[in-house]
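In what follows, a structure is listed as structure tokens, so that the remarks can point back to it.
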There are 2 protein chains.
Amino acid sequence: MLIVKKFGGSSVANKERIFNVARRCIEEYKEGNDVVVVLSAMGDTTDELIAKAKDINPKAKQREMDMLLTTGEQVSVALMAMAMQSLDVPAVSLNAFQVMMHSTSRYGNARFKRVDTERIMHELDSRKIVIVTGFQGVNKYDDITTLGRGGSDTTAVALAAALHADRCEIFTDVDGVFTADPRVVKNAKKIDVITYDEMLELASLGAKVLHNRSVEMAKKYNVELVVRSSLNRSEGTVVKEASNMEKLLVTGVAADKNTARISVIGVEDKPGIAFQIFDTLAKNNINVDIILQSVGRDGTKDISFTVASDDMEEAIRILEENKTRLTIQKVTWNEDVAKLSVVGAGMMSNPGVAARMFEGLYNCRVNIQMISTSEIRITVLVAKDDIEKAMNAVHDAFAMGD
Amino acid sequence: MLIVKKFGGSSVANKERIFNVARRCIEEYKEGNDVVVVLSAMGDTTDELIAKAKDINPKAKQREMDMLLTTGEQVSVALMAMAMQSLDVPAVSLNAFQVMMHSTSRYGNARFKRVDTERIMHELDSRKIVIVTGFQGVNKYDDITTLGRGGSDTTAVALAAALHADRCEIFTDVDGVFTADPRVVKNAKKIDVITYDEMLELASLGAKVLHNRSVEMAKKYNVELVVRSSLNRSEGTVVKEASNMEKLLVTGVAADKNTARISVIGVEDKPGIAFQIFDTLAKNNINVDIILQSVGRDGTKDISFTVASDDMEEAIRILEENKTRLTIQKVTWNEDVAKLSVVGAGMMSNPGVAARMFEGLYNCRVNIQMISTSEIRITVLVAKDDIEKAMNAVHDAFAMGD
């Protein structure tokens, strides 16, 4: 078997943890498997490097940030190879240049285009454990790129797809994917199997177990993922295609406090205005989430939408700047909101889900400010103070803890 | 003009020093020059990385050490590019993969084979300051190599040669090359011009201003070097070919405490024995320096030689192991010795130099244990305790401070 194993920064934060990871990988190697290990930077290394850069130049170009940050993973892989070698197992570390992880040009947020397998296969053929830097690629200018935070998951999936790996394991500090955040919902349960689509919805809703793009890529290339703990031997959660699975009505519930609501009041009710508003925001790299449009007074419209908290000020500034062109009378906003979502592949064919969710919220007197749905997800906007109560109520309403 | 400027680790040890270097480079850039900057790792970074590696695996393979250590220079060049950009000057950082600094395969002690210039020329043509990682290369396996400590000097010279630079400046924390170590000899003077050969002798004798191999390469490709301070604007020392220079009798005096004497007593007086002894040591990577052979008793010989202090124990072990084959009766050693050398291209045609040196030592009652000479150098072995007194005496004997 060819197995790709990815370990995050906290799993390699110090000597003891590095050796813990080394031993787990060696176990599988000694069973006769080919083992490829993808690592992130140790512990807080990335944050420390960012702080150094900000001290020198708060507006450092992303190209140079990528050049700086990618040293973190290179340190991890070199030390891991040394640890394995000290345990008498042949190992070799490789960076993105050595593997040739071809990426798009965009610094700080690149995507993989193609991954060469020749060097890795050569090293595996000579029975080495191959340790690859996560999070980084090389673009057509021969420059180092990064995939954005959490990109090491994507590196693992890209390698698993290119190498036709039998398994891709993402190790983390939790036991797997849960029906809700166990710190908030006490009777949250670990999910044994989840579909790519459900995982995508949960990931994009702030369940930070897997990097969103890694799930997209796993789905595209049909790479079966296992999310499991680097601290114990529990089975973890399998992420795979729905085909053979019993479709659960609701798989999990996720909350996201990193959100803010913005309303533009009194815009002209003529075709194209909504497009112009969201186009203006998009061109400034502001992602808009839930959108709600209502009829205002005197033939005008009010449009509300949510953005990530960090983007709120910038979004308001842009809207104010373009107030006249966009026919906006007034911009209002609210930071004290949070999103609550239920996700489940089964809800496609089951109309009662929304009603049951709303009933749960009503029973604990949580007011719903906005609603957005996809085929397998229902999201509501509630007051930030209500989010934990709401999460528990919805989790109970679907009996997810039973 | 195309100028290559190399700054060592202490010159980029913190934010202030990084900006100091950035400003000096920008000055020359703004005068219309093309500027290529070579940097070492910041401050103690390399030592810290080595300590991390030793903690994980005291016998870490050099391949992985190189993978680890080269991150240090990559951090330096990225931060320097950010600093220059914050001063509104276009700059770009490049590592050994991006430049393509082709080296020999040997990890930890590689040599440059060829340096590609395409990428650097492209960046210079678009009027950027190009900042290159020192100390590192890429071998034929696409692996990262290092040139051994101080190798950034060699990177600078290799780039200057490949780019046909008009000047190669090596910045350091002293004002240039001195007639003797100013910390020991109070009236030591800065040397304005020195030949490659003199510099080579001084460098190999422990005047740690320039990496030995960088001087060899500068000589080979006729790259004029300037050694100068990164802390002030003094002129520095020019290292170049002898042709147009007045040949000084003695250019400088250097001391080296990192030495130990080993004697093999009573070896058979037959052809090939000395060869076998030194061949055995060479095969174990022990460099032998001064050699002195004397007739022993009963038709045997005694052979004394010096090695670096660090190699002494290993050399003794090897000799003891091969005692019978090498017909050695006894091995003795002395660590309390030091080498003192005078160097000068002028001594080739001037026979009185050795006599004047010995007279100076005699006058201050320093005993000479061994003597070795080259065309432009005389080295003596003295007691370690005598070395500072001896250094001053010889410096005065040649009136180098006047």
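The values are calculated or read from the model by the stated rules, or taken from the named source; none is laboratory data. Bear in mind the structure is a predicted one, so any value in this text is a computation, not a measurement. Cβ atoms come from the backbone with ideal geometry, glycine included; neighbour counts cover every protein chain shown. Surface areas here come from the heavy atoms of the whole protein model, side chains and all, with no ligands, DNA or RNA. Shrake-Rupley method; radii C 1.70, N 1.55, O 1.52, S 1.80 Å.
Some notes on this structure:
- Cβ pairs under 6 Å, 6+ apart, first in the stretch B:88-106 and more than 11 Å from chain A (Cβ to nearest Cβ), second surrounded by 24 or more Cβ atoms within 10 Å (Cβ to Cβ) and β-branched (Val, Ile, Thr): B:103/B:145
- The residues of the stretch A:379-402 that are of a type in the set (A, V, I, L, M) and either at pLDDT below 90 or farther than 19 Å from residue A:258 by Cα (or both), listed by number, are A:393, A:394, A:397, A:399, A:400.
- Residue in the stretch A:280-289 that is surrounded by 14 or more Cβ atoms within 10 Å (Cβ to Cβ), assigned to a strand (DSSP E or B) and in contact with a strand residue (DSSP E or B) (Cβ under 8 Å, 6 or more places away or on another chain) present: yes
- Which listed residue is open to solvent by 10 Å² or more (accessible area, probe 1.4 Å) and either under 24 Å from residue A:225 (Cα atoms) or of a type in the set (A, V, I, L, M, F, W, C) (or both), from A:166, A:88, A:142: A:166
- Of all residues making up the stretch B:1-28, the number that are within 14 Å of chain A (Cβ to nearest Cβ) and part of a strand (DSSP E or B): 0
- Selected residue (only one of B:322, B:350 is within 30 Å of residue B:193 (Cβ to Cβ), out of contact with any Phe, Trp or Tyr (no Cβ under 6 Å at 6 or more places or on another chain) and touching a residue at least 12 places away in the same chain (Cβ under 8 Å)): B:350
- Filter result for residue B:153 (free of Cβ contacts under 8 Å to residues at least 12 places away in the same chain and more than 21 Å from residue A:72 (Cβ to Cβ)): no
- With respect to the conditions (1) farther than 21 Å from residue A:398 by Cβ; (2) surrounded by fewer than 16 Cβ atoms within 10 Å (Cβ to Cβ), residue A:228 falls short on a single one, namely (2).
- In the stretch B:29-72, residue farthest from residue B:136 (Cα to Cα) [restricted to those that are away from chain A (no Cβ under 12 Å) and buried (at least 22 other Cβ atoms within 10 Å of the Cβ)]: B:34
- Residue within the stretch B:115-132 that is open to solvent by 10 Å² or more (accessible area, probe 1.4 Å), within 26 Å of the chain's Cα centre (by Cα) and at the interface with chain A (Cβ under 8 Å from one of its Cβ atoms) present: no
- Taking the stretch B:182-221 as the range and being touching a strand residue (DSSP E or B) at 6+ places or on another chain (Cβ under 8 Å) and open to solvent by 50 Å² or more (accessible area, probe 1.4 Å) as the test, the residues that pass are B:189, B:190, B:192, B:193.
- For the residues A:100, A:67, A:80, the requirement of being modelled with pLDDT of 95 or more, under 29 Å from the mean Cα position of the chain (by Cα) and at positive phi singles out A:100.
- Conditions (1) out of contact with any helix residue (DSSP H, G or I) (no Cβ under 9 Å at 6 or more places or on another chain); (2) modelled with pLDDT under 90; (3) surrounded by fewer than 19 Cβ atoms within 10 Å (Cβ to Cβ): number failed by residue A:174: (3)
- Taken over the stretch A:334-354, the criterion of being over 14 Å from residue A:386 (Cα atoms) and under 21 Å from the mean Cα position of the chain (by Cα) is satisfied by A:342, A:343, A:344, A:345.
- One residue alone among B:154, B:145 is in contact with a Leu (Cβ under 9 Å, 6 or more places away or on another chain) and either over 28 Å from residue B:47 (Cβ atoms) or of a type in the set (S, T, N, Q) (or both), and that residue is B:154.
- Selection of the stretch A:379-402 for residues being of a type in the set (A, V, I, L, M) and in a helix (DSSP H, G or I) yields A:387, A:390, A:391, A:393, A:394, A:397.
- Residues satisfying the criterion are absent from the stretch A:294-315 (criterion: touching a helix residue (DSSP H, G or I) at 6+ places or on another chain (Cβ under 8 Å) and open to solvent by 50 Å² or more (accessible area, probe 1.4 Å)).
- Residues within the stretch A:338-358 that are at pLDDT 90 or above and farther than 18 Å from residue A:290 by Cα, tallied: 0
- Residue selected from the stretch B:248-263 under the condition in a loop (DSSP other than H, G, I, E, B) and within 30 Å of residue B:274 (Cβ to Cβ), by the criterion least open to solvent (accessible area, probe 1.4 Å): B:259
- Close contacts from the stretch A:18-40, counting a first residue that is closer than 12 Å to residue A:91 by Cβ and a second that is in a helix (DSSP H, G or I) and open to solvent by 20 Å² or more (accessible area, probe 1.4 Å), with Cβ to Cβ under 8 Å and a gap of 6+ residues or different chains, come to A:35/A:28; A:35/A:29.
- Test result for residue A:80, part of a helix (DSSP H, G or I), more than 7 Å from every other protein chain (Cβ to nearest Cβ) and over 24 Å from residue B:89 (Cβ atoms): yes
- Residue match in the stretch B:350-360 (condition: more than 18 Å from residue B:179 (Cβ to Cβ), open to solvent by 80 Å² or more (accessible area, probe 1.4 Å) and of a type in the set (Phe, Trp, Tyr)): no
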